[in-house]
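Beneath this line is the structure, given in structure tokens, with notes to follow.
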Amino acid sequence: MAKKIKKIGILTGGGDCPGLNAVIRAVTKTAIGQHGLEVIGYKFGYRGLFLNDFEVLTSKRVSGIQHIGGTILYSSNKDNLFDYEVEEDGKTVKKDVSDVAVENMKKEGVDALIIIGGDGTLTSARDFARKGVKIIGVPKTIDNDLAVTDVTFGFNSAINVARDALDRLHTTAESHHRIMILEVMGRNAGWIALESGIAGSADVILIPEIPFSLDKIVDKVNSRHQRGLLFSIIVVAEGATFKDEDAVIQKIVADSPDPIRLGGIGNLLANRLEAKIPEHEVRNTVLGHLQRGGAPSTFDRILSTRYGVTAVNLLMDGRTGNMVALDGRHMTFVHLENVIGRNKQVNPTGELVQTAKSVGISFGD
Ligand code: F6P
């Protein structure tokens, strides 16, 4: 007979995003209140599991955290325990230390884990599930690029921030008759740019899925000018590219499993655009980590709570090895084996892009 689950561990991995605390709260309250479990939270993601660094989570500890951004458990986007940097004989080597984590769980009597994270964090979750650890994954990322769930938590909060930034940029754009560019995050997916751009009345949306040409953007700006619209708003995803060019890399984080940090396309575009149409003043704003900070939106608080509650219930129903997911309006779950490596990008011919094009938004194609 399968061992009864009495104690669970939670961890948050990867970049922070609004809603992490709301999931931690929902998991803890449901686990304690509905199932009488003990709950601990590992600190700094998988690093805490390796170092056995944790805190006991009680209903009191998680009270009052739903509306707070970030994660009370801290996070890391560097610590992959299947390929982990350790010191051996005075040298730094990479090793699979996942057995240490499993031993730590046994030592503390932790029967199962709830892992909250994006692609990298959930890849390790899958690998722990393959080792026989009872796991439920919860899909997090502002980029919304995880396949098999309609929405990840954090995305809605991020597009609200980006949309608000576009609203604010309109003020200067109109007052000074400028072209205002907003560079947003999203890695290799254009969801943040696309959805904030539609909601924020952008004139041009540039996304990684549709390589763009400078001339098309110039055409768009000029045609607006001819109609007496003397300003333009452009939202560009950090992973968007000029036709036949590579994405602009801002930084390589060498010890990260996913080392490339994109960024800089907004500035490049501003320079090239101003060189081509010097009669227009162009300004670039990089929204950066503001998109990941602050309080989660109402939508994300509800989604995070639903994910957290469903994660615990799945665990108690014996459905381990799965990730919770949203399918339309319903909570569902997908096996972790079917989650990894299946990124979700914008369909360049899909309804959302067509909708944007129908209201006159250019994609520079
Ligand atoms: O995946 C979330 C994300 O914010 C991306 O949109 C962005 O490219 C990246 O993380 C930035 O990572 P870091 O936190 O290392 O700056």
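The values are calculated or read from the model by the stated rules, or taken from the named source; none is laboratory data. Every value quoted in this text rests on a predicted model; they were computed, and no experiment measured them. Heads up, the Cβs are rebuilt from the backbone with ideal geometry, glycines too, and the neighbour counts pull from every protein chain shown.
So R319 fits all but one of (1) farther than 21 Å from C17 by Cβ; (2) part of a loop (DSSP other than H, G, I, E, B); (3) within 16 Å of the ligand (Cβ to nearest atom); what number is the exception?
If we test R319 against (1) farther than 21 Å from C17 by Cβ; (2) part of a loop (DSSP other than H, G, I, E, B); (3) within 16 Å of the ligand (Cβ to nearest atom), just (3) comes out false.
Criterion first (within 16 Å of the ligand (Cβ to nearest atom), of a type outside the set (S, T, Y), more than 27 Å from R25 (Cα to Cα) and not assigned by TED's automatic domain parsing to the domain that holds C17) does L273 satisfy it? Please lay out each step first, then the result.
Details: within 16 Å of the ligand (Cβ to nearest atom): no; of a type outside the set (S, T, Y): yes; more than 27 Å from R25 (Cα to Cα): yes; not assigned by TED's automatic domain parsing to the domain that holds C17: yes.
It is false that L273 is within 16 Å of the ligand (Cβ to nearest atom), of a type outside the set (S, T, Y), more than 27 Å from R25 (Cα to Cα) and not assigned by TED's automatic domain parsing to the domain that holds C17.
Just one of A295, A311 is under 18 Å from the mean Cα position of the chain (by Cα) and either within 15 Å of the ligand (Cβ to nearest atom) or among the small types (G, A, S) (or both); which is it? Spell out how you get there, then give the answer.
Working: A311 fails: under 18 Å from the mean Cα position of the chain (by Cα).
So the residue among A295, A311 that is under 18 Å from the mean Cα position of the chain (by Cα) and either within 15 Å of the ligand (Cβ to nearest atom) or among the small types (G, A, S) (or both) is A295.
Conditions: (1) in a loop (DSSP other than H, G, I, E, B); (2) more than 24 Å from I159 (Cβ to Cβ). V312 meets all but one. Number of the miss?
The one condition V312 does not meet is (1).
Which strands (runs of 3 or more DSSP E) does the range 1-62 wholly contain that include 2 or more residues that are without any contact (Cβ under 8 Å) to a residue 60 or more places away in the chain? Before you say what the answer is, go through the steps one by one.
Values: elements: 7-12, 38-42, 54-57.
Filter on the range 1-62 gives 38-42, 54-57.
Need the failing condition index for D99 against (1) farther than 22 Å from P296 by Cα; (2) free of Cβ contacts under 8 Å to residues at least 60 places away in the same chain; (3) of a type in the set (D, E); (4) not in a helix (DSSP H, G or I), just the number.
Against the list (1) farther than 22 Å from P296 by Cα; (2) free of Cβ contacts under 8 Å to residues at least 60 places away in the same chain; (3) of a type in the set (D, E); (4) not in a helix (DSSP H, G or I), D99 comes up short only on (4).
Inside the range 13-40, can you point out the residues that are under 17 Å from N104 (Cβ atoms) and either of a type in the set (V, I, T) or within 16 Å of the ligand (Cβ to nearest atom) (or both)?
The first filter runs over the range 13-40 and keeps only residues under 17 Å from N104 (Cβ atoms), leaving 13, 38-40.
Across the range 13-40, the qualifying residues are G13, V39, I40.
Wholly within the range 220-287, which strands (runs of 3 or more DSSP E) include no fewer than the required count, namely at least 3 residues that are within 20 Å of G14 (Cβ to Cβ)? Steps first, please.
Values: elements: 232-237, 249-252, 260-262, 281-286.
Counting at least 3 such residues, we get 249-252, 260-262.
Against the condition buried (at least 16 other Cβ atoms within 10 Å of the Cβ) and either in contact with a Pro (Cβ under 6 Å, 6 or more places away or on another chain) or modelled with pLDDT under 95 (or both), how does D300 come out, does it pass? Let's see the steps before the verdict.
Working: buried (at least 16 other Cβ atoms within 10 Å of the Cβ): yes; either in contact with a Pro (Cβ under 6 Å, 6 or more places away or on another chain) or modelled with pLDDT under 95 (or both): yes.
The answer is yes for D300.
Have a look at G350, G264, G364 and point out the one that is out of contact with any strand residue (DSSP E or B) (no Cβ under 8 Å at 6 or more places or on another chain) and either surrounded by fewer than 20 Cβ atoms within 10 Å (Cβ to Cβ) or not β-branched (V, I, T) (or both). Lay out the reasoning, then the answer.
Details: G264 fails: out of contact with any strand residue (DSSP E or B) (no Cβ under 8 Å at 6 or more places or on another chain); G364 fails: out of contact with any strand residue (DSSP E or B) (no Cβ under 8 Å at 6 or more places or on another chain).
The match here is G350.
Please work out which residue is surrounded by the most Cβ atoms within 10 Å (Cβ to Cβ), limiting yourself to the range 116-136 and to residues that are farther than 18 Å from K3 by Cα and more than 16 Å from the ligand (Cβ to nearest atom).
Going through the qualifying residues, I end up with A125.
So F82 passes all but one of these: (1) away from the ligand (no atom under 16 Å from the Cβ); (2) buried (at least 16 other Cβ atoms within 10 Å of the Cβ); (3) closer than 16 Å to I10 by Cα. Which condition number does it fail?
Checking F82 against (1) away from the ligand (no atom under 16 Å from the Cβ); (2) buried (at least 16 other Cβ atoms within 10 Å of the Cβ); (3) closer than 16 Å to I10 by Cα, the one that fails is (3).
Before we move on, is I142 touching a Gly at 6+ places or on another chain (Cβ under 7 Å), surrounded by 18 or more Cβ atoms within 10 Å (Cβ to Cβ), part of a loop (DSSP other than H, G, I, E, B) and among the β-branched types (V, I, T)? Lay out the reasoning, then the answer.
Values: touching a Gly at 6+ places or on another chain (Cβ under 7 Å): yes; surrounded by 18 or more Cβ atoms within 10 Å (Cβ to Cβ): yes; part of a loop (DSSP other than H, G, I, E, B): yes; among the β-branched types (V, I, T): yes.
Taking the combined requirement at face value, the residue satisfies it.
Can we say G186 is within 16 Å of the ligand (Cβ to nearest atom) and in a helix (DSSP H, G or I)? Full working, then the answer.
Values: within 16 Å of the ligand (Cβ to nearest atom): yes; in a helix (DSSP H, G or I): no.
Criteria not met by G186.
Out of I205, I217, which single residue is assigned to a helix (DSSP H, G or I), touching a Gly at 6+ places or on another chain (Cβ under 8 Å) and away from the ligand (no atom under 16 Å from the Cβ)? Don't jump to the end; show me each part of the working.
Working: I205 fails: assigned to a helix (DSSP H, G or I).
Exactly one of I205, I217 is assigned to a helix (DSSP H, G or I), touching a Gly at 6+ places or on another chain (Cβ under 8 Å) and away from the ligand (no atom under 16 Å from the Cβ), namely I217.
I'd like the residue in the range 315-351 that is out of contact with any helix residue (DSSP H, G or I) (no Cβ under 9 Å at 6 or more places or on another chain) and among the small types (G, A, S) and, out of all such residues, is farthest from I114 (Cα to Cα).
Taking the candidates together, the pick is G350.
Kindly evaluate K140 against the criterion of being of a type in the set (K, R), out of contact with any strand residue (DSSP E or B) (no Cβ under 9 Å at 6 or more places or on another chain) and either more than 10 Å from the ligand (Cβ to nearest atom) or at pLDDT 95 or above (or both). Please lay out each step first, then the result.
Details: of a type in the set (K, R): yes; out of contact with any strand residue (DSSP E or B) (no Cβ under 9 Å at 6 or more places or on another chain): no; either more than 10 Å from the ligand (Cβ to nearest atom) or at pLDDT 95 or above (or both): yes.
When the stated conditions are applied, K140 does not pass them.
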